[in-house]
Each structure stands twice: as structure tokens, then as C-alpha cells.
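Before any comments, here is the structure.
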Amino acid sequence: MDIVLPTAILLLLILSGFAPFIQQAQPHRAGLLMAVLPAGLFLTLLGRLSAVLAGQVFTYQLAWAEALGVRFSLYLDGLGLLFSLLILGIGALVLIYGGSYLHGHHQLGRFYAFILLFMAAMLGVVVSNNALTLFVFWELTSISSFLLIGFDHEKEGSRFAALQALLVTGGGGLAMLAGLVLLGQIGGTYEISQLNQMADILRASPLFLPAFLLILAGALTKSAQYPFHFWLPGAMAAPTPVSAYLHSATMVKAGVYLLARLSPIFSATPEWQTLVTGFGLATFLAGALLAIGQVDLKKLLAYTTVASLGTMVMLLGWGSDLAIKAAMLYLFSHALYKGALFLVAGAVDHETGTRDVSKLSGLRRAMPRTALAAGLAALSMAGLPPALGFIAKEVMYETTLAAQPVSGWLTAGALIGNALLVAVSGLVGLKPFFGAAGQTPRHPHPAPLSLDLPPLLLAGLGLLGGLLPMTLAAPLVQASAQAVLIQPLKVKLALWHGLNPMLALSTLTLALGIGLYVGWQPVWGFTARLRWLGRFGPAHAYQVGLENLRRFAAWLTYRLQNGYLRFYLMTIILTTVALAGLAYLRSTNGLILRNDWGAINFYEVVLGVLIILAALTITRTRSRLATIAIMGIVGYGLALIYLLYGAPDLAMIQFAIETLTVILFVLVVYRLPKFTRLTSPPARLADFLVAMTGGLLMTLLTLIVTARPVVPHISEYFLQNALPLANGRNVVNVILVDFRGFDTLGEITVLALAGIGVYALIRLTIGRRQVIIPPAEEE
Amino acid sequence: MQTVLLPLLIPLVFIVLTLFAWNAPRLQRMLSLFGSSALLLAALSLLAQVQTGEIAVTQIGNWPAPYGITLVADLFSAIMLTITGVVAVLVAIYSLEGIDENRVAHGFYPLFFALLMGVCGAFLTGDIFNLYVWFEVMLMASFVLMALGGERAQLEGAIKYVILNLTSSALFLSATGILYSVAGTLNMADLSIRLPEVNSPGLVTTIAMLYLVAFGIKAAIFPLFFWLPASYHTPPVAVTALFSGLLTKVGVYSLVRVFTLLFLTDVAFTHTVLLVLGGFTMVVGVLGAAAQYDMRRLLSFHIVSQIGYLLMGLGLYSRAGLASTIFFMAHVIAAKAALFLVAGIIRRVSGSFDLRRVGGLYRDQPWLAILFLIPALSLAGLPPLSGFFGKLALVRAGLAQGQYAIVAVSLAVSLLTLFSMTKIWMEAFWKPIPEKAPSQNREAGYKFSLVFPALAMGLISVVLGVLAQPVYGLADQAAGVLMQPALYAAAVLGGLR
């Protein structure tokens, strides 16, 4: 049992709760102060690298909802460690950066709270061993992302983007939940480390493929894979530190993490290779191509993030040892340079007031530190030596070249994508800083150290990682790749691989990329004319879908809940007839109806006719009052029937209840408008038919039941025991007041309630015309 | 003293006491706190008693079953009573501020206790006709509560409410009459033994359908739910919260009771019908919610949608399914009541229930935002709140039975639920205050008696999530009893105690 992991999550959560208060107490230093916790946790976990590298795992378990498969079980291996270090390290930097970036913002406290909440949740995702606990944290990252994207909540665009991200990732999350539950039910456990050991058993189940597809849906939506990628550029509505942290360095990699984590179960299947590699490649290309034409620094970075996520997914999909190594290396280097570039973009935006790359130039004199960070990060993004990105790209080409039989396709795709990345890295890393100073809304000043240091650190690490790959990158890559493959793997990284095909490809990539960078203006101008193609894209489909859903919901609701009591009653009657009829028709009992009617008394006929006539009259009357009065006739008629059959007690009750009901109805109905006849003759005919089917059903049921022999069971007991045990000759009376006196207690209560109702309604509405009701509850 | 009787006697006594205190509104308010607390304590002691595995039974008037009326408390009943007690206490507190003097002066509290009495009676009775009687008590009490105040919208809502519910009563009564003539008994334990022996199973299934419609109206399932969205938005929020927590749930309780105890002769048909209706109820309800702009209407449609989830567990007809339904019931009552109470606070603070006329609450009222967000996310089934575990339990039960369609529907609907919850969030909280908004009034909303119940209900949702294991364990135990009708029958008919 390792207490550090749960403690880390708990501490982050607690700090999240206190963040707004810390911000109030220390408005200038809160970010820096709070960054101490993730930084400390970062160092603590870093200290475990050598142990993890040697194959040790750290675990923690706590019972939660075992009966539902949810166990709070944590597990730190190489993969989790790589992610944890990124989450905590970049998290600490973002707290410092954010405090400065949003300095003076009245919701800065909430910003800290949500960032820390996210940090805890994301850490939870990557150290959870229980699939359902992982899902719990997964959803928490979605919620914190929602709250952060909508940070500028008074802007409609932010709200739209926040909802879009939530619905897309949330929808994928639900599919994933179903998939995880299926997987757990096949395997009999939700512990991922155990599931990873039983791939063969899992694969034998017919539910294996559905489980895989459902989980894949979760991973693809979360990691913004095509065609779900569109929420990620939208999420750029968030403040830039959020984009750097959640939407490039960590959260969007959760899908990649999940695929990597579960790849021991799925990766040997052909479906995995085809689908995951295919989605990855499609995303890679889509992201890179969509970046063309963007002039907003953040949008440029967002689309290249989509492309890079595609790369990682593609590599994981391929799944060879080399591919896994490439994926992990790429992931690491991407987090460093992309985080840095986002932070740079934020600093530029903060100091100049614009993120439009066509307007930005020559900033290196005003913002030298920012320019340095940008240059270093762009070096890595472009895959140039000596940055870590160069090694990552080399290993990636090595993988695609070896990827028989589709190496040609993959390599060509990678070449196009990488060349575009080179061009974009020029645009975001060089263009704003070189050349003549451009016109910006604000006169550029050097950014404060707190805005420059975090990107410098990240970009510098990317450079050092390239220079000293065996010290800085290889251990993490090896630890994580081992965890993905669940077998030892020796990772060697070096800047210089000798003259080989990969180097040639790199050179070609660079040449293409530089060409594109030089000629970016005409290309960008051309793509601007292709914007209409977006109408066929998934983002548009989402919007249309949502709009149609709203419209359908309104239409359906208006149709069903249309305010007509008549319609409601008809639906109920028809439902009754349909269900009861269906149930009866299913049986093979046949239809045996009563045919012995016995002696019919004259009074019975009169009463029956009276009741039927009254009922018919109701359908003809136009006055609500008259309706109620005639309904009273029906009720009193029924009471008379009780009298005829020798139950005066029942009749008395019926009389009393009828009287009260009539009064009560009159009081309520008094204020309602007069009946107007709104229905057409055909509609009235339909009403008549519905009413008749309802009546027919009940009549038939009565006839069927009375055709059966009488079941004497409890009535016998009443007849025999009324006198000896209850001392009463009137059996009905005894039943009412003794055998079933409890019913009578309830009915008396009903009567009393009706009395209160009558009184209250008279007093509160009719007695005083002006009823004073405090405005608080009145609409 | 029979503990089984207490949950009925306490409300009865307090009806009488509050009637005696007719002219002393403050005393009535005090009494409501005492009475509801006493009810909660009684329910808890009953829960402790039956949690050991006992089914507590009492024969009214010592007439032996099946001739007299039997009160039965199995674990399911006790859980429902406990939930009722909690809702009663919190609504009583909310009503201190939330119900105006006029309504108190015109019988609000006697009606409040009468409603509780009807609800408790329905949960306790072991006699199908007696159940009808408690339905009538509930109906009359709720009708007057709904109309109390006499606002025009209230009366219109109340009319629809009472007419559609009387239709349910009529069906219930007819079905009971037919059932009696088929089986010759009204005692449910006795019925559970005699119904399988009736030589006309088709007739029994037909009767089952009549009960399905009668209780389905009460439970507000598709396509019988119309009365609910037509009326729930009209009375004061305290009343709506009380109704949302209790009324439809009695309908669901009754469905569970009769479809686990009485009508098991054609499970393939009856429970499939339940499952299908559950699916439609979820979808239609949530779409209705998505189309609303009045918070109370929106939340009312959500009640309908969530009833579908309760039906799903019953329709699956497995121990896991029933356990999920019971767990979900506890969750949804708390989350729903919390949301209604918060909506009431929003109304007091911002002046309107209409989402188009309010805004800016996130900026200015962060605590209110938290108060709303917890139950809203819980209702949408987000972890680690109670709604997630309810959903997870249902999904697990559904997948275990191979009922993939209903699982898919339930998951899709939970996304739509999230969507409609974000609608309130976007409009009332995130959006800037619209120009024509009514003036804000913070003091009116932030009174202890208003905030505490809303907060407590929200916290219940958190606690049910954290303590999912013991709570689900209890639900599972209750489901185990439900799946063995013979236990119930033996406890009732086993002789006098």
C-alpha cells in the first residue's frame, strides 16, 4: 500500500477548495504559493523513477462500492508516472503563469480552484487501476474542462464552446462507461492490471468487439480524434493557460492514455490495428490541413495539437515495440513544446492585445525572453536538431518505414503532416518575433518573468532532452513503453543516427515545410476561399444536430403536452384499452361472457336508465356548473343502487362524498372560463368512439369475471364471523367498522380533508376578492 | 407498541394537533418540525428493525390475515418510509420561510401531515384495497395543497391534476373489484399465493395491465404523465418539492410491489411492457425538459424522465435491477427535491423562474452556483455523486440481462439530462443579467430555513455517492426480499404475532 498517491489527489482537492480564499488572502502571490504543492508532488514522484524503471509498481486500495465493481484502487507504473510528472510539472507552471496572466481578474480564485480540481482529477485518471474509478476521474476532468472553457462566461461563444466540449466528450464518456462495464463483466473484474493479463479470455467473448468499440468512442472523443476533433479548436475560448494545460499538454491526452493503458487487451486484434491506426492517421492529416488558413495563434496551435494527437493514436494503433516507443517519446516532447508555445501565445496576447499572426512581427526586441522560448519550442515542434522533437520525428519515421504492408501510406501521410507542422512552427515561433515591428493594438512590453519563465522552462527542457536524450528522455520513455507493452524494453535515444532513410525523410520534410512557410500568404489566402467546405464538416453537423434536437424536443412536447385535458384522457383510455386488450388476446382463454341475467327489478332499470341518461347529458352540456350537477346525479344514482342492495351505510357514505365533491368542484370550477366547443364534428365522433371502447373494455371485463364461479374465500369468513366475533348482524356494517375499519379511518380522513379544502378555497379565493399572497411565490 | 403502526399514527396525531392549533400559525410551524422529525425517527427505528431480515407485520384489530387488514414493512417499505421522513423534515424546514401566512392559516400543515399519512399508509399496507384508500387520502391532500392559495394557474393545474388522478383511482378500483372476484381476497400476501392458481392466466395479466395504467398514471410514466407537467409548476416550491419526492414515487412503489408480488404469471410480457414504457418515459421526459424555459416546468419534466429509470430496474426483473431501482429512488428523490428548492431560492434572489429573464448568478452568487451544481450534476449521473452510482447500477443490471437497447437509451438520456441541466446553468448562472430582468434581492433568498434544506438534499447526493457501498448493499438486501415473494407471504399469513 502506497499512501502517496491518494494523499496527492486528496491534497490537490483540498487545495482546490481553499483556492479562492488563498487568492483573497494573497492576491499577488497565490499562484506561486499554491504551485508549491504540485511542484513538491512532482519531485516526490520523480524520486520514484528509478524504482519504476526497475519494474516496481506502487499501489493503493480502498473499498468504495465493491458491489458495483467500483474500488478506489490506484496503481503507479511507468505510463502513469510519465503522465503524472507532466500533469504535476506543467500544472505547477500553469498556476504561476495563470496568476500573472489573469492578474486582477475577479474570478481568479475560481480559476485556481478549477485548475487544481482538474489536476487532481487528471492525476486520478492516470493512476487509477480500477476501470470505473478511472471513469469517475475521467468525467471530473470533463466537468472541470467545462467550467474552464466557460471561464469568460458572459461571452456567448465561450458558453457555446464549453457546452460543445462537454457534450462531445461526455457522450463519448458514456459509451466508454458501457464498454468498461461490458469488459468488466466479461472478465469478472474491473482492475485494469488484471484485465490486461487476461486478453485471451476476453477476446473469446462475443461482447469483446462491442466493448472495444464503445471504449474506443470514449478515447477518440476525449483525444479530439477526427471526426470529433472540432470541440478542441472551440475550446480555445478558454484562457490561454487553460488551453496550454488542459487542451494541449494533458487532458486531451487522456484518450491516448486510455488506449495505451488498455492496449495489452486490444492491440493484438485486427480491428484495433485498422481502426486506431486509421483514425489516428485521418486525424493527423485533418489537423495539419485544417491548420492551414488559420491566423489566430491559438487556433493554429489547436489544430496542430489535433494533428499531434492523431500521430500518437496512429502509433499506438500500429502497436509494435518501436511504435510504442515512438508514441511515448512523441507524447513527451509534444507536451513540452506545445505547452510552451501556448504559454508564449498567451504572453504575446497579453502584451500586444492580439493573437493574429498576420499582424504580429518583430516582437523579439520588445519581448526577447518570450522570443527565445518561442524559438526553442518551435525548433522542437518543427523536428529540428538538436531538440527532442527531432528524435521523436526520427523514431516516428523509423516506425512508419517498418510498418509493412502499409508503410508507404503511413510514411506519406506522416511526411505531409510533418511538413505542415514545420510551416506552422515557423508561423508561431518565428513570424511574430522577426522582421519589422508590426502594428498591434497595444504597444508591446516585455512580459513579466512569471509569464516567460514557465514557457522557457518547458522549451528549454525540450532542447536539453534532445541534447541529453539518454539522461532526460530515455528513462521516462522506457518506463512508460514497458508499462504499455507489459514487458521489458531497452530504449536507446540519440540525436545522430547516421545517414539513413529517416534522415533523408527529415530533410525532405524540412524542405517542404520551409517552402510552405515562405509561401504561407498565398496558400492561406487560397484556403480562405474553401471555408464553405466547413458546411459539410462535423462541427456543422453538431450544430445542426443540436438545433434539430431542440426543435424536435419543442415539437414533440408541444404535441404531447398540449394543454387539452380531452387529449390527455383519450390517451389514457386508449393506452388502457390497448394494453389490457393485448394482454387478453395473448391468452388462449377465449371469451366466456355472462349470459344468465337473473330477475331484473323495475327500480334497477329506472336507475340504470337515469344514470346512463345523465352521463349522456353531460356530454351535451356547455356549462361547467351543469356538468358538475349532473355528475352529482350519477353519483346519487349509484348510492341508490347501494340502497337497493341493502347497504344503507355505503349509500350514506356515498351521499356524503358526492355532496362534498360537488361543492368542491363548484368552488374550483367557478373561476374557470365557460366551456367553448372547440372540436369539430369528426373529432367529436373520434372522442365518442374512444369513450365507447373504454366503456366496452370495462363492460366486457365485468361480464367475463361475473361469468366465472364466485370465489367464496374471505366473504365466507365475514358471513360466519360477523355475529359471533364482531357482534353485528349487518355484515356490511361490520366489515366497514370492524373487519376493515382501517379503510374507514382512511376514508374519514379523506372526508375531513375535503372539508378543509372546501373551507380553504372559499376563504382564500371567493370570500375575499383580494387575496394577499407574498410576491415571492407568485409568478 | 407496534413500530409498524408509528409511521401512520404520527402523521394522524399531528393532523389532529395542527387542526387544534388552527389559529396559531407559529405553533403549527413548530408542530410540523416535531411531527416530521418524529416520523423520521419512527421510520429509522423500523428500518433498523427490518434490516435484520425480519418482515414486520401487524394485523389491524387483530383480525387474522387474510380477513382483516395487514400492515407489512419489509426492507423496501422501510427504506421508502425513511426517505419519506427525510423529505418531510427538510420540506418542513423549508416551509418555515417558503410557505406564506395565508396558506398556513388555511390548513397547509394539516394537509401536509395528511399527505404524509397517505404516503406512509401506501408504503405499509399489505392489502390492495387499503392501498386504494391511502391513494385517496394522498390524492385529496395533494389536490387541496395544490389548489391552496387559489391563484388562477394553480386552479387550472389542480383541475387537470385531480381529473387525471381520479381516472387512475377509477381504474384502480375497477381493477381491484375484478381482482377480488377472480381471487376472492384482497390481502396481497394471500393474492400472491392464489393468483398463480387462477385457471385463467390471461385474465390475470389483463388485470395486471389495468393496475399498470392505474399506478402508471400515479407514477407519471409515458404516455400517462400529462397531469404532472400540467400542474407541478403551479404551487409554491415547497409543495412541489414535497410532491416530487413523494407522489410519483408512491406510484412507482406500487408498481414495484404488485409486479414483484402479484403479477408474475407472464413476466415475459408484463415486464417487457414495463421496460419499453420505461425507455419511452426517459426519452419523452427529457425532451420535454429540454424544451422548457420555466425552471419549474423543466424540472417537472425531469421527474418524468427519471421515473423511466426507476421503471427500467423493475422491468429488468432481476435482483440487481430492483436494487438499482431502490438505490436510484433514494438518489433521485434527494437530487430532485434539492433542485426544486434551489429553484425556489433562485426565484427569490433573481425575481423569476423564467430562464430568459434571469442571469448573472454565477458572477455574483457563487454559493448559489455550488448549491445548484451538486444536485444538477448528480441528476445528470456524473461521478462521484449518487446519480452516477444509480446509473452505473442500472447499466450493470441491464447489460447483465443482455437488454442492450434499454441500456443505450438510458445512457443517451443521461447525456440529454446533462444537456438540459446545463441549460439552467448557462441561462441563470453564466449568461449576463438580461436587460429586462427583475431586480435582484439577495436577502429574500438566503435565509437559513431555505438554504439548509436545499444544501442538505444536495449533500445527501454526495453522501450516497461516498457511501455507495452500504446504501447499495441495503438496496440489494431489499431487492433480495422482493425477489422472494414467498417470504412476504409467509410473514403475513404465518399467523398472529
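The trypsin sites (Lys or Arg not before Pro) of region A:646-746 meeting both criteria, a DSSP state outside H, G, I, E and B (loop) and at most 11 other C-beta atoms within 10 angstrom of the site's C-beta, are A:Lys674, A:Arg677, A:Arg729.
Alpha-carbon geometry of region A:460-503: the Rg and the Dmax are 12.0, 32 Å, given in that order. Close amide H partners of A:Asp296, meaning residues 5 or more places away or on another chain with modelled amide H under 5 Å apart, are A:Val357.
Rounded to whole Å and sorted largest first, what semi-axes of the equivalent ellipsoid does the C-alpha gyration tensor of region A:535-616 yield via the square root of 5 times each eigenvalue?
The equivalent ellipsoid of region A:535-616 has semi-axes of 52, 21, 5 Å.
Helical content alone sets the calculated 222 nm signal of chain A at -23500 deg cm²/dmol, taking -39,500 (n - 2.57) per DSSP H segment of four or more residues and averaging over every residue. D by Stokes-Einstein for region A:596-670, Kirkwood Rh over Cα pairs, 37 °C, 0.692 mPa s: 248 µm²/s. Summing +1 for each Lys or Arg and -1 for each Asp or Glu among the other residues whose beta-carbon sits under 15 angstrom from that of A:Ser73 gives -2.
Kirkwood-type hydrodynamic radius, region B:244-325: 13.1 Å, calculated from all non-identical alpha-carbon pairs. Under the simplified labelling scheme, the A:Phe552-A:Ala599 pair shows an inter-label distance of 6.6 nm, with each label point 7 Å from Cα along Cα→Cβ.
Between 0 and 90 degrees, the angle of helix A:368-381 with respect to the longest Cα principal axis of chain A falls at about 80 degrees. Annotation for region A:100-204: trypsin sites (Lys or Arg not before Pro) lying in DSSP loop with at most 15 further Cβ atoms inside 10 Å of their Cβ are A:Lys155.
The residues A:His497, A:His445, A:His106, when put in order of fewest to most other Cβ atoms within 10 Å, stand as A:His106, A:His445, A:His497. Scaling against 2.2 N^0.38 Å puts the C-alpha radius of gyration of chain A at 1.35. Compute the whole-percent fraction of alpha carbon pairs in region B:73-203 spaced more than 22 Å apart. Above the 22 Å cut-off, region B:73-203 has 50 percent of its Cα pairs. Counted by neighbouring Cβ atoms within 10 Å, the residues B:Ser95, A:Ser450, A:Ser50 run from fewest to most as A:Ser50, A:Ser450, B:Ser95. Sites counted here are GluC sites (Glu not before Pro) in a DSSP loop (not H, G, I, E or B) having no more than 13 other Cβ atoms within 10 Å; the longest part of chain B that contains none of them is B:55-434.
Fraction of C-alpha pairs exceeding 17 angstrom in region B:336-448: 57 percent, rounded to a whole number. Restricting the calculation to Cα atoms, region B:409-497 yields a radius of gyration followed by a Dmax of 22.5, 70 Å. Estimated from the Cβ-Cβ distance and a Förster radius of 56 angstrom, the FRET efficiency linking A:Arg763 and A:Val606 is about 0.85. The label point for B:Met30 and the one for A:Ile592, both projected 7 Å from the Cα toward the Cβ, are 6.6 nm apart. So if we plug the beta-carbon distance of A:Phe526 and B:Ala405 into 1/(1 + (r/R0)^6) with R0 = 56 Å, what FRET efficiency do we get, rounded to 0.05? Once rounded, the FRET efficiency stands at 0.70.
Measuring spread by the Cα atoms of chain B yields a radius of gyration and Dmax of 21.5, 70 Å.
Between the alpha-carbon centres of region A:567-615 and region B:148-200 there is a gap of 16 Å. In plain terms, the residue of B:Lys423, A:Lys298 with the fewest other Cβ atoms within 10 Å comes first and the most crowded comes last, giving B:Lys423, A:Lys298.
In region A:277-529, the alpha-carbon atoms span a convex hull of 114 Å³ per residue.
Distance from the alpha carbon centroid of region A:372-391 to that of region A:141-211 works out to 33 angstrom. The Kirkwood radius of region A:335-477, taken over pairs of alpha-carbon atoms, gives through the Stokes-Einstein law at 20 °C and 1.002 mPa s a diffusion coefficient of 136 µm² s⁻¹. If I fit a long axis through the Cα atoms of helix A:321-352 and take the longest principal axis of the Cα atoms of chain A, what angle between them do I get, 0 to 90°, rounded to 10? Helix A:321-352 and the main axis of chain A meet at about 90 degrees.
Taken over chain A, lysine pairs spaced eight or more positions apart, or on distinct chains, with alpha carbons under 20 Å apart number 26.
In this label model, B:Ala105 and B:Ser37 are separated by 2.8 nm, measuring between points 7 Å along each Cα→Cβ vector. Normalising the Debye intensity of region A:99-170 to I(0), with uniform scatterers on Cα atoms only, and taking log10 at q = 0.24 Å⁻¹ returns -1.03. Kindly express, to the nearest 10 degrees and within the range 0 to 90, the angle between helix A:538-560's C-alpha long axis and the longest C-alpha principal axis of chain A. Helix A:538-560 sits at roughly 10 degrees to that axis. Shown in residue order for region A:202-212 are the 3J(HN,Hα) couplings computed by the Karplus curve 6.51 cos²θ - 1.76 cosθ + 1.60 at θ = phi - 60°: 4, 5, 6, 7, x, 8, 4, 5, x, 4, 4 Hz (x for Gly and Pro).
Readers should treat all values here as calculations from the given coordinates under stated rules, not as data from a laboratory. Here the structure is a predicted model, which means the values were calculated and not measured. All Cβ positions, even for glycine, are placed from backbone atoms using ideal geometry, and neighbour counts span all protein chains on display.
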